[in-house]
Structures are given as C-alpha cells and as structure tokens.
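For reference, the structure is listed below as structure tokens.
Where a number appears in this text, it was derived from the coordinates with a stated rule and is not lab data. Values in this document were obtained by computation on a predicted structure and should not be read as measured data. All Cβ positions, glycine included, derive from the backbone under ideal geometry; neighbour counts span all protein chains shown.
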Amino acid sequence: MSPTQAPVVALSASHRPELAPVADSLTASALVATLPLLTVFVTLAVLRWKAHWSGLAGVGVALLVAWLAFGMPLNLAALSATQGAAFGLFPISWIVFTAIVLYEVTVASGRFLDLRATFHLISGDPRIQAVIVAFCFGGLLEALAGFGAPVAITGVMMVALGYPPLRAAIIVLLANTAPVAFGAIAIPIITAGKLTGIPYEEIGALVGLQAPFVAVFVPLLLVFIADGRRGVRQVWPMALVIGATFALAQWATATFVSVELTDIVASLAGLAAAVLLLRVWRPRGTEEALVSLEQEREKDALARGGVTDSVAEVGAEGAPVTSDVAELEERARSLTSSRITLALLPYLLVIAVFAVAQLVAPVKRWLASTTRSFGWPGLDGKILTVGGDVSEATVYSFAWLSSPGTLLLLVAVVIAFVDGIGLGGLGKVMGETMLKMRFAFLTVASVLALAYVMNFSGQTLTIGTWIAGSGVAFAFLSPVLGWIGTAVTGSDTSANALFATLQQTAAQEIDVDPALLVASNTTGGVVGKMISPQNLTIAALAVGLAGRESEILRKVLPWSIGLLLVVCLIVGLQATVLEGVMP
C-alpha cells in the first residue's frame, strides 16, 4: 500500500505480508518497521518510563504501523495483539509467577536463611557464589525449563545471598546467555531444524562451535560485575576453570553425544569443576568482597529511603536477612545435615521434576497429551505467509499441565507442606505475589502483543530481509537477526521461528553453508535475551526493582552489544577464512 493512500478500516478476509509496502522500498519499509522497537527502547532507556507504559506504547505504535504502512486490517492487527498478550500471560507470566511463589514459600518458612548459609559452606566468597548460582545452577534450570524461570529463580537467590538488587539483576541476565541456545532441551535448535529441513543435530553441532566462545568468558564477566577488577585478579582461576569446563562440555556434548542434553552436561560439569578446584585452591579477598557488598547494600537501602521492596531481603516473620559476616559464618557452622537438605530441597525437586518431565519419554508424552490447542478466534486461517500459505502461528496451545509454571507450582505445594506452612500459607503467598506482580504481568503481555503484531503484519520479516540484503557481509551480520528476534520476543525459539528460513535462503544466495547461518541465528539470540523487555521485567521483579527496568537496561545493553560483536566476528570468520576447516 502506498503511504499516500488512506487506510481502509474494513474487515478483511486475510492478510498477506508484503516485504516492501512503503513506497515499494525495502529500506523505507524496514525503517518504518523499527518504529515500535524504537518506541519501547527510547521510552524505557531514555525517557525512563515504567516498563508497562513502554510496552503499551510500543503496542500502539505497532498497531498503527501494521495498519497504516503494512496494510493489515485493523481488526486482524488487534486480534494479533490479543493472541500475543495471551501467550505473555500463559505460559510466560505463569512461569515467573510460580517461580516467585516457590521462593516466597521458602521465605515464609525461613528456609532461605539456611540456603544462604549453605552456599557459604561451599564457598564463603560471594563472587564464586555468583558464578555457581547464576551460571551453573541457572544453566541447569535453562536446560530443563527456560522461558524466564532461570532468571526468576536465580534472581531471588542472588539477592538472598547478599547482592544488591541492581547488581544481582545484571549478573543473572548476563549469566542467562550461553545456555540459552540449548535451553529447554534444545527447543530453539529443534525448532530451527523443523522449519529449515536441516537436521537439528547438524545445526546443534555448529552452535556448539559458536556458543562456547561466549560461555568461556561469561564467568569472568560475572566476577567483574560482582567485584570489579579486584575480583577478576583474585578469582580468575575459578572463573576460567568453570567457563572453560562449561564451554568444552558444551562443544563435546553437542558434537558427539546429544544436542538435547548439552546444557545439562555442561552445567553439571562446570559445577563439578568448581567443587574440585575448591579442594585445592582458595580465593583471596573474600572478606573484602563481603564488606564491599555490605556497604553497597546499605548505600542502596539509604538511596531508597531505608526501605526495600525486594522479597529476597526479608526472612522469616519479616526479619531482615543477616548480612553480617560473623553472623553468617556462625549460622553456617550451626547447620545440620537435615537443615541443609531442607534448604536445598526446593531446587533439588525442581531439577528432579523437570528432568523427569523432559527426559522420561512416557511422562513427556503423557504431559504433552494434556495440551489443548485451538485456532485463535477471528484470526486463525486469516494470516498468510509471504509465500501465500496459511500461517500456523495463529494456533494457541494451552499446555496447562506440561508448562514449566505448573510443574513449579507442584513443587511449591510439596515444599509448603514440608516447610509447615500448608495450603493456607501457600494461598496467602500466592495472593500477595499476584498483587505485587500485576504490573509485571501487564508488561510481559504488552511485549508479547507487540511481537505478535510485528510478526503477523510482516514488520519483523521486513527488517530481517533488509539486513539479509547486505550481500557477502551478511555472513558477519547474520547473528544480528537472532539478536533482534530474541530482543523482541524474549525467546530464542521465537527468533528461530522468525528468521531460520530467511537465514537459510540468504546463505544459499551468498554461497555459504545454510546450517552455519541458521546456527548463527540461534547464537546471536543468546546475547539478545538479556535486553528483552520481557526478561528485564522478570529480572526486575525477582530482585525487587519492579518499575526500574530502564535502569537495568542501561547497564546490560553495552554487554549485550559487546557480546554480539564477538559472535558476529566468530560467525564471519567461520563463513570465510575458516570455511575449509568447518565440519
């Protein structure tokens, strides 16, 4: 549709996206298509709006662009937004909600105080705790669950371990990078394989030659964020051993064993390496790091008027979590084996339940059989692909039992009884958590509404096609598509659903291995997840900084861009000078 034509608000039988609807120019169309994204990031990062207002503004702009520039009937654009919002509420918000509920149950019972002391027994150094919890344990949760659960769970754990909320949010978002490509039993890679027809094992093996280059450095970056240059000087052996072990295990498992088990093996290998190293090596400056964190927490509390809204800083009956080093050491010495077991039980159960649900084939099939799918009313069958086929993306799946959120709730029920608060205490926790999360729900729903409008109208595809038109240079730029897709949708799986076939086509046109660029889409996505408004909201809520997503974004954006440049360089070299040695 020409931009000079008046839009028609009539109902339409269907919508078929055009790649260059604005003045028949792909460049102009792509620039217009970026307006919703620019709206979100400018209002969030520059104007410092609350995340839910930024999300709603982005949805409004996306609807206008879809209607006025991309010729999508307004009713179909609006219905697209409702399907996206529904997906944002279930399963995404449902997963985050139940993860926070599980944590709050342990807070209500006082077990979280013992958990912090338990980690102190493994290592009293908060920098090592950050790597073990956010990277190793978070990687294991990403492997089994994904969809925001690792950020939600490790976020509250990091604050309870003594980290100031903002620093905790940055750490968990940065840690949730390298494992994402193989997350949720390698769903992003399997999705790319189904869409392109390329064996997913081949794509996974190539991701295994890209993602480890990110993984090997992430623990060092976490230590830097935790304690600056001093931390890197004092703790680099541990960070390097964990990063290298994780990276090697990720490469070896993806290449020779199983793409689905890659992150499970890598996370456990990294944790085992940490435990073994701690038997023969001790970090320097532990007490200095603890004092520094204490001072920063006090400064943060004063800046917020001495009051914190972070649930992770409140223990049993509202008592503040102990932050004094001597008290912490005394509590750690008083721990018994039964108290340690009860402190770790919620997270051991999470691992066990997700492992059974994902790895035991009969259980996985039974859970999948309970999913109910239906075409989105008023939208199903009316959205076409660029090629003219009916899109299958308008089918909504209600995985009420197999959802990670439901599995987390089952664990929370068990822990509520084990910890003695019962169903009454659990109900109270759920009600209070629901109230605190109401604006977070709105944010996630609006961000997913934005993503669906952009996808169904063709805006996202236009941006991707424009970038793909860069010729041979596209080999270096291909990860940018995955980065954009994940930043918009909050999901590496969704980014592959958007751009995997585009990467395949572009690779064929520039005579590059299609599997390599499809893999690069996945790898580019892992460093885009930390700036997704969806994940920013999850992290902010987990650490008690709801409404301060813009502040978190400004802190993590440079890391995301820096890692993206590294991934672009790696993929570019693999597609050119290293082409002859690639598998």
Next item on the list: For every helix of n ≥ 4 consecutive DSSP H residues, a contribution of -39,500 (n - 2.57) applies; sum these over the chain, divide by its total residues, and give [θ] at 222 nm rounded to the nearest 500 deg cm²/dmol.
Entry: -21500 deg cm²/dmol
Notebook entry, point to check: Along the charge dipole of the range 385-521, Cβ charges K/R +1 and D/E -1, which of S446, A399, S478 sits furthest on the positive end?
Noted result: S446
Notebook entry, point to check: What Kirkwood hydrodynamic radius do you get for the chain when you take the inverse of the mean 1/r over all pairs of distinct Cα atoms, in Å?
Noted result: 24.1
Note to self: Considering all alpha-carbon pairs of the range 86-200, what whole percent are spaced by more than 19 angstrom?
What the structure shows: 51
Check: Hey, got the Cα dimensions of the range 465-546 along the principal axes, in Å, largest first?
Finding: 49, 18, 15
Item checked: Globularity index of the range 355-432, i.e. its alpha-carbon radius of gyration over 2.2 N^0.38 Å -> 1.61
Checklist line | Square roots of 5 times each gyration tensor eigenvalue, C-alpha, the range 518-581, largest first, Å | finding: 32, 11, 6
Checklist line | Förster radius 22 Å - calculated FRET efficiency between V360 and A272, Cβ distance, rounded to 0.05 | finding: 0.40
Check: Which helices pass in the chain if a helix is a full DSSP H run, must span at least 27 angstrom along its long axis by Cα, and must have mean Kyte-Doolittle hydropathy not below 0.5?
Finding: 218-252, 337-359, 438-457, 549-575
Item checked: E327-L569 pseudo-label distance in nm [points 7 Å out on the Cα-to-Cβ vector] -> 4.6
Notebook entry, point to check: Fewest first, what order do L409, L565 take by the number of other Cβ atoms within 10 Å?
Noted result: L565, L409
Check: Between F439 and I561, what is the spin-label point distance in nm, taking each point 7 Å from the Cα along the Cα→C-beta axis?
Finding: 2.7
Notebook entry, point to check: When only Cα pairs under 8 Å and 6 or more residues apart are kept, what is the percent relative contact order across the range 371-414?
Noted result: 41
Next item on the list: Holding the Cα-Cα limit at 31 Å, pick out from K436/K529; K50/K364; K364/K436 the pairs that are longer than that.
Entry: K50/K364; K364/K436
Margin query: If neighbour count is taken as other Cβ atoms inside 10 Å, put D492, D513 in order from fewest to most.
Written below: D513, D492
Item checked: Ranking of S550, S29, S334 by count of other Cβ atoms within 10 Å, fewest first -> S334, S550, S29
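Please work out how much length the chain gains when fully extended from N75 to A473, using 0.36 nm per residue of separation minus the C-alpha to C-alpha distance, in nm with one decimal. List each step's numbers first, then the result.
Values: separation 398, 0.36 × 398 = 143.28 nm, distance 3.92 nm.
Going from the current span to full extension adds 139.4 nm.
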Notebook entry, point to check: Hey, could you pull the Cα Rg and Dmax for the range 440-480, both in Å?
Noted result: 13.8, 42
